[in-house]
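The values are calculated or read from the model by the stated rules, or taken from the named source; none is laboratory data. None of these values were measured; they are calculated from a predicted model. Note: ideal-geometry Cβ built from the backbone for every residue, glycine included; neighbour counts use all protein chains shown. Remember, those area values only see protein heavy atoms, side chains included, never the ligands or the DNA or RNA. Shrake-Rupley method; radii C 1.70, N 1.55, O 1.52, S 1.80 Å.
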2 protein chains.
Amino acid sequence: MKYEHILLAHGGGGLLTSELIREVFLPAFTNPLLAPLADGALMQIGQEKLCLTTDSYVVHPLFFPGGNIGSLAVHGTVNDVSMCGGVPLYLSAGFILEEGFPLASLREIIQAMAAAAREAQVHIVTGDTKVVAKGAADGLFINTAGVGVIRYPSPIATASIQPGDVIILNGNIGDHGAALVNAREGFGFAGGLESDSAPLNHLVAAVLAAVDSVHAMRDCTRGGLGTILAEMAEQSGMVMEIDETRIPVRETVRGFCEVLGFDPLFLANEGKMVLFCPERDGDKALEVMRHSPHGADAAIIGRVGQAAARGRVIMRNAIGGSREITPPAHELLPRIC
Amino acid sequence: MKYEHILLAHGGGGLLTSELIREVFLPAFTNPLLAPLADGALMQIGQEKLCLTTDSYVVHPLFFPGGNIGSLAVHGTVNDVSMCGGVPLYLSAGFILEEGFPLASLREIIQAMAAAAREAQVHIVTGDTKVVAKGAADGLFINTAGVGVIRYPSPIATASIQPGDVIILNGNIGDHGAALVNAREGFGFAGGLESDSAPLNHLVAAVLAAVDSVHAMRDCTRGGLGTILAEMAEQSGMVMEIDETRIPVRETVRGFCEVLGFDPLFLANEGKMVLFCPERDGDKALEVMRHSPHGADAAIIGRVGQAAARGRVIMRNAIGGSREITPPAHELLPRIC
């Protein structure tokens, strides 16, 4: 690796995160379940096919328009389990608290976690609380791990993506990233920027019940839609062709990005996902998604071209030009999720 | 609650931790699986009985005699799964890194995690890495969650403890706590103070295979043997009678405690556990434990008396006196695990 110390970008979900995982974590922990680098790991235990996922939440500020670290910690892990094709059932929750943290804030966060768990119909069944000295943490960090059961007959994985698959996105991108940057940096951008943080398990369950040919799913969290698609293109060796005009972006988010020089493609989301399935089932999947409260603005944003020597993402724009989408090597933004 | 802000003692594993859990977490997350407050939660998924546990590791210093945060993060969670009577199979690992953390240290910690996982025969199957800005964390925090499968025919739980059960401890207490305080505070106490951090799953598997009447197990981590027994006494409503002369304490640890005014009963351990079973099977369980590398100094340290209006722990000392063991309300020590 080029660096001797950890940089913020090592946690940004882009190229340096991939490098850290590939060069430090994977060689040490190598095992067949870890290798696919999906949102979670599949486990066969006796007769049951299960999945296990984990995520640590270090969002700043802890409270933001559309949620707080507690609701986020439930949504994020519920969504990771869902992206494996699993029905999320049980969550663990680990809290690292800074000495002096206000109990009233903790209560509010815990209430939001509980409400999020009720909406997603999952149970938080085990937990752990640590307190570190003042200055040794930034208020509160939460880790959640999720266990789900997989009943879908075919494997939902990046490796299952086929040429000709359509790429379906469940709604507007960039809301979470824009809301967080606006809240953290105090830009005071008006127009109601709000995180899209939401549990996607009910939406996923509805699509999986209606369509038996889903090939892959991924939530577009750290790094945004652009980074997620580039990673999936690389891992599958496919060329993905997306159409900029079909990618829904809220007007306020578009304005925010234009003023501040951000690209919504690389802004984080916490309630957005892409789904890959054969074109013949695309309209059906889209229809089901649009009937879900978290999929009203769903759209088919592109399709998978042929396999290629190097998987990549090509985006056509409104005036007919096209460009390759490559994730930024360094942080576009201060860390937000 | 008496306090409006989080104190270090809220994470110390003693009375304030219990209060925080009972008054803030439990009312919000209430569900039947969480209620028993054991080291982990039992989950019935299809035909399989599984358990899920989680722990965050915030140890300081990150490297200490006998291990580092990486080996500790594997041992701790392997042991929590084992205490539920589960065979630990899969672990998740979430890393929160401080910007600027040396990559060489990270590599060493990851190698130690991998080695610990190999010894325990568990797989680290999924992970997550976050980086926070310099000053927003203390170097590195690790969360691990563990999934295990339960095959033991009867429930291993504090609620299963019966009057007449013997209490078996697998070896010397206080090693981890003494080694950490010595390393952190730079006391420079000689004599080889070293953490006992170790995976107990093979020891537990051997005992469970030999003895079909095990009632309960707990590892004696935060708060030490004294706090763990007091909690189990309270939860089970039993009076536990232990004999101070039978509790093994290494000479160096005893000396360290005498000089610094600590009580080994309340020092943390990371490779020690208590096991409860009927007296008729006590010698057999002890014998099997002593054949394990992590149980050579195992001893029967007491027995469970009658149920009482208030469960408590009574310790007899060498000169025939006896006293009730109550966990300290506040931190005895700076936080170490």
Could you list, ordered by first residue, the pairs with Cβ atoms under 6 Å in which the first is in segment B:293-314 and at negative phi and in contact (Cβ under 8 Å) with a residue 40 or more places away in the chain and the second is of a type in the set (S, T, N, Q) and surrounded by 14 or more Cβ atoms within 10 Å (Cβ to Cβ), at least 6 apart or interchain? B:Gly295/B:Asn170; B:Asp297/B:Asn172; B:Ala298/B:Asn170; B:Gly311/B:Ser236
Qualifying strands (runs of 3 or more DSSP E) (wholly inside segment B:162-245; at least 1 residues being open to solvent by 10 Å² or more (accessible area, probe 1.4 Å) and without any contact (Cβ under 8 Å) to a residue 24 or more places away in the chain): none
Subset tally (residues that are more than 7 Å from chain B (Cβ to nearest Cβ), touching a residue at least 24 places away in the same chain (Cβ under 8 Å) and either open to solvent by 10 Å² or more (accessible area, probe 1.4 Å) or farther than 19 Å from B:Thr54 by Cα (or both)) for segment A:110-121: 6
Inspect segment A:85-95 for any residue being farther than 18 Å from B:Asn143 by Cβ, in contact with an Asp or Glu (Cβ under 7 Å, 6 or more places away or on another chain) and either at pLDDT 95 or above or of a type in the set (Lys, Arg) (or both) and give the result as yes or no. no
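Give the residues of segment B:81-109 that are open to solvent by 10 Å² or more (accessible area, probe 1.4 Å) and not hydrophobic (A, V, I, L, M, F, W, C), sorted by residue number.
Listed by number, the residues that qualify are B:Tyr90, B:Glu98, B:Glu99, B:Gly100, B:Pro102, B:Ser105, B:Arg107, B:Glu108.
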Are any residues in segment B:292-316 open to solvent by 10 Å² or more (accessible area, probe 1.4 Å) and assigned to a strand (DSSP E or B), and if so, which ones? B:Ala299, B:Ile300, B:Gly302, B:Arg303, B:Gln306, B:Ala307, B:Arg312, B:Ile314, B:Arg316
Filtering segment B:131-151 down to residues that are facing chain A (nearest Cβ under 8 Å), open to solvent by 10 Å² or more (accessible area, probe 1.4 Å) and in contact with a helix residue (DSSP H, G or I) (Cβ under 9 Å, 6 or more places away or on another chain) yields B:Ala133
If I go through segment B:246-262 residue by residue, how many of them are surrounded by fewer than 19 Cβ atoms within 10 Å (Cβ to Cβ), hydrophobic (A, V, I, L, M, F, W, C) and closer than 19 Å to B:Met217 by Cα? 0
Between B:Gly148, B:Gly171, B:Gly164, B:Gly237, which is closer than 30 Å to A:Gln44 by Cβ and small (Gly, Ala, Ser)? B:Gly148
Go through segment B:39-60 residue by residue and tally those that are within 7 Å of another protein chain (Cβ to nearest Cβ) and either touching a residue at least 60 places away in the same chain (Cβ under 8 Å) or open to solvent by less than 10 Å² (accessible area, probe 1.4 Å) (or both). 12
Mind listing whichever residues of segment A:263-278 are part of a strand (DSSP E or B) and either surrounded by 24 or more Cβ atoms within 10 Å (Cβ to Cβ) or free of Cβ contacts under 8 Å to residues at least 40 places away in the same chain (or both)? A:Met273, A:Leu275, A:Phe276, A:Cys277
